Amino acid sequence: MAASTSPASSTSPESPGLPRSAASPASSGPPGTSPSSTSSESPGSAASPASGVALPDRPRVTQLRLAAFAGHRRSVLRLGPLTLLAGPSGSGKTSALRAYDALARLGGGAELGAVFPDPGACVPERARPDAQLRRGFRIGCTADGAEGPVHLDVAVQAEPELRIVGERLSADGVVLLETALRDPSRRAVQAAWHTAGSAPVTRAPLPDDRLGTPLLPLRVAGKTEGQRRVLAAAEQMVVALRSAFACDPRPGRMREPVPTGSGRLLGGCDNLADVLWRTRAECGRRHAQFVAAVRAGCAGPVADVLAEPDVGGVVRALVDRGDGTRTGLARLGYGELRYLALALVLFTGPGVLEIDPAGEVPAALQTLTVLADGFDRGLDVDQRAELLRLAARMCDRGHIRFVGAVADASWAAEAVGAAGAAGADGGPGGVTVVHLEP
């Protein structure tokens, strides 16, 4: 599987945005984020991914738009099944993953303050406040699936108080939902959604501390063709966003025994021993594949990876060397622990990871997206190559998508081999590389 090196721009003159009244990226936007009030945009480029046919009935995020977010300005990042965000420190890799994770949590119905505990850090550094001292940021994405490409753009006011001031959901050039802050004294936005009945749109207030798109099933009756189209587009966007797992393993915390709990893996993989205690007994075949992957990336013989109870009601993880020796995780190196944790993430699923998938949608129609910050941090050459090959195999199956941040991706093509020819849509078997610069 080869990573194409033909460059394609990852920025556009203007990101698709909200209507002018709803603080669109093409117009006024959230206070303080006009083009003249920010630093130069973060340039980027995306390599054409390898060929393959995406599964049309599985909603998936294929584009991330950072119109004005942290160090990004009008950045459009194309996402394939397996995507690497490459660039030096300060190029915006972490902030891009943070924006994706924020959209995922908002799509799941999370409250705005819980998603952005430090909203000021999301505002472009040189964004100047307006006369009312307001500043904000804008993010968005595209979800592809049975309804075709569906676009979501969100404008957020960060100062002086956090609130959503504009949202737009559209498909095929039709605005299906748009919201705008009409009265700053009220904690609500005015929403209008497509009806295509006796009245072209329906208007009603929505809260300004949550995304409107996941609330549509509670507001739209679905009696007209237009309403059903709105519901289908909203469902596709929500399903595409919700099953996202942001992880950045912290080896220092993985070395210690942990109490038994839910058996669901945390983003820092702190409770890896508790998860192994659960998963080793649940699926022997998948655990055997996991052990084989660990064997390929860790020093010394590996016959098994397991957890055992310890004094005080805790469990600790061990590597069985096959000769009677069991090595505790405290003895493993930093890179070995990160490799082991990321391999476990790729072999598990929504039932094991600490995420909230769409329970009303069959698992066969959902795709888990893993967001791995510092994907290559602490890994040696063989470990990062083996882990990328593992990610490629999992993405080939269609139920996992992967977005990882790396300092340099020049090694990726050689790591995954030459199994695919250049294609246009980031299908299975390819690596999409998005190059970011400070």
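For segment 163-205, the Kirkwood hydrodynamic radius comes to 11.0 Å, computed from all pairs of different C-alpha atoms. Once the C-beta distance of Arg286 and Ala131 is scaled by a Förster radius of 60 Å, the resulting FRET efficiency is 0.55 to the nearest 0.05.
Dividing the convex hull volume of the Cα atoms of segment 80-204 by its residue count, what figure in Å³ per residue is obtained?
Numbers: hull volume 18.4 nm³, N = 125.
About 147 Å³ per residue, rounded to a whole number.
Across segment 184-280, the relative contact order, built from alpha-carbon pairs under 8 Å that are at least six residues apart, equals 18 percent.
Which shape class applies to segment 265-356: rounded if a/c is under 1.5, otherwise prolate when a/b exceeds b/c and oblate if not, where a ≥ b ≥ c are the square roots of the Cα gyration tensor eigenvalues? Taking the square roots of the gyration eigenvalues as a ≥ b ≥ c, segment 265-356 is rounded. Taking the empirical scaling 2.2 N^0.38 Å for compact globular proteins as reference, segment 219-282 has a Cα radius of gyration ratio of 1.83.
Using the beta-carbon distance between Asp183 and Asp118 and R0 = 35 Å, what value does 1/(1 + (r/R0)^6) give for FRET efficiency, to the nearest 0.05? Don't skip to the end; give the middle numbers.
Values: r = 27 Å, r/R0 = 0.77.
Working from the Cβ atoms, E equals 0.85.
Between Ala196 and Trp411, full extension at 0.36 nm per residue minus the direct alpha carbon distance yields a gain of 72.2 nm.
Taking K and R as +1 and D and E as -1, what net charge do the other residues with C-beta under 11 Å from the C-beta of Thr142 add up to?
Working: positive: Arg60, Arg65, Arg78; negative: Asp144, Asp153.
Charge balance in the 11 Å sphere: +1.
Note on surface exposure: Tyr100, Tyr334 rank Tyr334, Tyr100 by accessible area, highest first, 1.4 Å probe.
The values are calculated or read from the model by the stated rules, or taken from the named source; none is laboratory data. For clarity, every value in this text was computed on a predicted model and none was experimentally measured. Because the Cβ atoms are built from the backbone with ideal geometry, glycine has one as well, and the counts that use them run over all protein chains shown. When the accessible area is computed, the model is the full protein with side chains, heavy atoms only, and any ligands, DNA or RNA have been set aside. Shrake-Rupley method; radii C 1.70, N 1.55, O 1.52, S 1.80 Å.
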